Each structure stands twice: as structure tokens, then as C-alpha cells.
Amino acid sequence: MSRWLPAPADNGARIRRAQFVAALDEHFDVDWFSLLDVAPDANDIAQVPACVEWFAQPGFDPRGIRSIVALANPTPRAVVTTRSRAAAERIDAYCATTRPAAIVADEIHTAHYGLGRNLPVMVEELQVGHLVDDASWRGRLSWAKNRRYHRRVLAASAIATAPSALERDHLRVLGPHATIEVVANGVDTDRLRPDPNAQVDPDRLIYCGSPQYDANLDAVVWFGHDVLPAIRSVRPDARLVVTGATEGVVLPTIDGVEFVGRVDDIAPAVRAAACSVAPLRRGGGTRIKILESLALGTPVVATTKGAEGLELRPDEAVVVDSASAMAAAVLDVMVDRARRAELVRRGRVAAERHDWRDSRQRWVELVHDLVRLGS
């Protein structure tokens with residue numbers, strides 16, 4: 001059960017799901033239930049190696065009546081107000097008649113559809129780091145509710161997975177006796193490779209992250225206002241190209257920043273860039289954009305938050321946090337050919353260390369363990 005359909009595999013969340021459902025298809029019959037904001041394309045459904053049913057996902061409006069009423073509910077508002085009665089009733093009927101061997105509930109928002117059914121449940125890709133880090137009063141209130149809810153979910157789950165050791169450690173505080181396993185994100189290093197014939201634009205920077213996600217938009221605005229001017233003072237033609245869906249977003253106008261929207265194939269755009277930046281300051285996420293850049297032979301400069309959970313070495317990517325340090329690091333990559341070549345070489349080694357093969361194998365092992373718990 002997921003809030004994502006794993007096709008098209010055009011962002012980190014969908015890429016992870018596409019990898020894992022393909023791995024499961026080699027061992028199990030898979031029924032996939034998705035809660036979606038918009039109706040999926042029939043061609044996308046056809047790409048999923050599973051029997052797919054989808055339901056309309058109720059929207060989350062923090063100022064709506066349901067959300068205001070949910071303030072008094074001990075369960076997080078985003079969980080309460082986006083619950084689909086149609087999906088719940090269908091899953092009730094499905095479990096009663098089909099009696100699946102196990103249930104995988106994708107992320108915290110679908111956990112309640114699977115728990116409490118006398119079936120083994122895995123809650124996949126739990127992340128709370130972005131909640132722990134939010135020091136605002138609203139963030140503190142949200143964390144108080146989410147902390148209690150995650151404790152209940154961890155106690156009721158047979159297995160929980162986290163995308164990094166850091167996220168696992170956050171979860172371990174909430175569920176010290178829970179089975180929490182790291183299944184890291186990865187990259188397809190066979191498909192994504194450097195192209196020695198690629199024409200690199202020495203003034204082109206790239207950020208692969210849809211501004212529909214507010215943390216991505218915050219990253220772009222910060223980089224555009226606080227970092228890019230220092231870079232352009234040395235290289236006036238430097239510009240940041242931002243890829244990813246923009247529908248429904250009021251895009252800021254920033255000198256040197258270009259929003260190009262969704263692209264069908266990210267590889268040519270990344271290969272053409274002198275540097276890939278990941279200036280995230282908050283939020284969670286999969287960090288797959290960094291691994292893809294490293295696999296494609298484009299050096300990466302990121303914040304600590306941007307590279308969080310990847311355990312990259314200093315010679316594989318540059319990790320800095322201040323605006324001045326990031327500007328200097330990006331300029332270093334743009335100007336110093338030897339430095340760039342070394343980052344390209346070592347970055348590819350890092351990507352190969354994060355190949356999807358290991359994560360897919362670990363994922364399948366965990367699902368086999370889950371099924372055995374119910375047999």
C-alpha cells in the first residue's frame with residue numbers, strides 16, 4: 001500500500017518503489033494499492049509488475065475544517081484528514097477474502113490501513129529526521145503528535161525499514177524493542193554512466209528536485225539569493241537549472257535560476273552540468289538525486305542535510321553548509337579541472353558502492369522474513 005505509484009519512476013520515491021516492486025515480482029504475486037492525488041495514466045499502471053488498484057487521496061488542507069477539528073486528535077492531522085474510507089473498506093474486503101501472506105505499508109501515512117489485521121506488517125521507509133530537526137513551534141507540536149503515533153506504529157509492526165542508519169537511530173529511540181532494518185537507497189550504475197563524449201557547459205549548475213516539495217523550493221531560493229551571486233561575481237554566466245515538476249507552484253524570479261520542469265530523461269541534463277548542487281536546509285527525502293549525479297560523472301556539492309544518510313567521503317563529494325563555503329566549493333569545481341576530475345572518479349566509486357543490487361536483495365530477504373512470521 002502506497003501513496004505513490006512506482007511509474008513513471010521520475011523522482012526518488014517512485015524510483016525506490018519501482019526497484020522494490022520489481023524485486024518482489026521475482027518471488028511473489030503482488031497486489032498494489034495506491035492512494036493518489038490525480039488519476040494515473042493507464043500506461044503508467046501497465047508498467048507496474050503488480051495488480052494495481054488506486055483510490056483518490058483526500059487532500060490535506062491545514063486550514064480546512066477537517067484539519068482544524070483534527071487538532072484535538074492524538075493522531076497527526078496529515079494522517080487523519082487524508083484517510084480514504086473507500087480505500088479502507090476495499091482493503092478490509094481484500095484482506096478478508098484474499099488473505100495475503102503479508103502486508104507492506106509504504107511510509108507512515110498508509111500504516112493504519114494495514115495494522116490490526118492479524119497479518120504480519122512491514123512499514124517501509126519510515127523517516128522522522130525532518131520532524132526532529134524542525135525547531136519551530138508548529139514543528140514541535142507536530143513532532144509531539146508524530147512521536148506518539150510512530151511509537152504505536154512501531155509497536156504494532158513486525159518489521160520497519162529506514163533508508164539510512166541515521167533514520168534508524170531516530171526510530172530506535174521511539175521503538176527500542178522494534179525490529180528496524182536499514183534498506184538504503186541506491187542507484188542503477190549499469191544504466192547511469194558517465195559519457196566521455198558529453199559536452200559539459202562550464203557555467204551550468206543543476207539541482208534535480210521538484211519545487212512542489214517545499215524543502216526543495218527553500219533550497220533553490222537560498223542558493224539563488226545567498227550562494228549564486230558570489231559565484232556569478234566570478235563567473236557572470238553561471239546559472240542554476242532546476243528540474244522537476246512545477247505544477248501548482250508559484251515560482252520565484254531569481255537572476256541566474258531557470259526552472260525547466262519535468263524532464264523525461266535526467267541523464268543528459270546532469271551530464272551537461274559542471275556541478276550538481278544539493279543545498280537542502282531542511283526536510284527528508286531519498287537523496288537519490290545525489291547518487292544519480294555521482295553515477296553520471298557530475299561532481300556534487302551539498303549541504304550536510306542534502307547529503308544526509310549517504311555517508312559520502314570528502315573525496316567523493318563536497319559537503320559544506322555556509323553560503324560562502326558553498327560558493328567557494330562550487331567555484332572550485334567549475335574552475336579547477338584536476339579537482340573536478342578527481343571528484344568525478346571518486347564519485348563514481350561512491351555510486352557503485354550504493355548500487356541498487358544490494359538494497360534489492362536485502363529488501364527481498366526482509367519480505368521473506370515477514371512472510372515466514374505469518375506462516
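Within the range 75-106, the only residue that satisfies the criterion of being surrounded by fewer than 18 Cβ atoms within 10 Å (Cβ to Cβ) and either in contact with a Ser or Thr (Cβ under 8 Å, 6 or more places away or on another chain) or not assigned by TED's automatic domain parsing to the domain that holds Arg63 (or both) is Ala101. Exactly one residue among Leu312, Leu331, Leu343 is at pLDDT below 95 and not assigned by TED's automatic domain parsing to the domain that holds Arg168, and that residue is Leu312.
Among the helices (runs of 4 or more DSSP H) lying completely within the range 285-375, list those that include at least 3 residues that are in contact with a Leu (Cβ under 7 Å, 6 or more places away or on another chain) and small (Gly, Ala, Ser).
By residue number, 337-353.
Given the criteria assigned to a loop (DSSP other than H, G, I, E, B), surrounded by 11 or more Cβ atoms within 10 Å (Cβ to Cβ), acidic (Asp, Glu) and touching a residue at least 12 places away in the same chain (Cβ under 8 Å), does Asp61 qualify? Yes. Evaluated against (1) within 30 Å of Val104 (Cβ to Cβ); (2) assigned by TED's automatic domain parsing to the domain that holds Asn216, Glu365 falls short on exactly one condition, (2). Looking across the range 1-35, the residues that are assigned to a helix (DSSP H, G or I) and within 17 Å of the chain's Cα centre (by Cα) come down to Gly12, Ala13, Arg14, Ile15, Arg16, Arg17, Ala18, Gln19, Phe20, Val21. I'm checking my understanding of the structure. Among residues of the range 238-256 that are charged (D, E, K, R) and in a loop (DSSP other than H, G, I, E, B), which one is nearest to the chain's Cα centre (by Cα)? Among those that are charged (D, E, K, R) and in a loop (DSSP other than H, G, I, E, B), it is Glu247. A single entry from Ala198, Ala156, Ala162 fulfils the requirement of being crowded, with 22+ Cβ neighbours inside 10 Å, touching a Leu at 6+ places or on another chain (Cβ under 9 Å) and small (Gly, Ala, Ser): Ala162.
For the range 128-149, the criterion of being touching a strand residue (DSSP E or B) at 6+ places or on another chain (Cβ under 8 Å) and in the same structural domain as Glu365 (by TED's automatic domain parsing) is satisfied by no residue at all. For a quick check of your reading: which helices (runs of 4 or more DSSP H) sit entirely within the range 79-148 and have at least 1 residues that are in contact with a Phe, Trp or Tyr (Cβ under 7 Å, 6 or more places away or on another chain)? Answer list for the range 79-148: 85-98, 129-133. Within the range 121-136, the set of residues being under 15 Å from Gly283 (Cβ atoms) and touching a residue at least 24 places away in the same chain (Cβ under 8 Å) comprises Glu125, Gln127, Val128, Gly129, His130, Val132, Asp133, Asp134.
In contact with a Ser or Thr (Cβ under 9 Å, 6 or more places away or on another chain) and either within 28 Å of Cys208 (Cα to Cα) or not assigned by TED's automatic domain parsing to the domain that holds Ser164 (or both): does that describe Ala42? When the stated conditions are applied, Ala42 does not pass them. Taken as a whole, the range 208-224 holds at least one residue that is in a strand (DSSP E or B), closer than 16 Å to Ser293 by Cα, in contact with a helix residue (DSSP H, G or I) (Cβ under 9 Å, 6 or more places away or on another chain) and modelled with pLDDT under 95. Within the option set Gly186, Gly209, being in contact with a Phe, Trp or Tyr (Cβ under 6 Å, 6 or more places away or on another chain) and surrounded by 14 or more Cβ atoms within 10 Å (Cβ to Cβ) holds for one residue only, Gly186.
The values are calculated or read from the model by the stated rules, or taken from the named source; none is laboratory data. This is a predicted model, so every value here is computed, not measured. For neighbour counting, all protein chains shown are included, and Cβ atoms are generated from backbone atoms with ideal geometry for every residue, glycine included.
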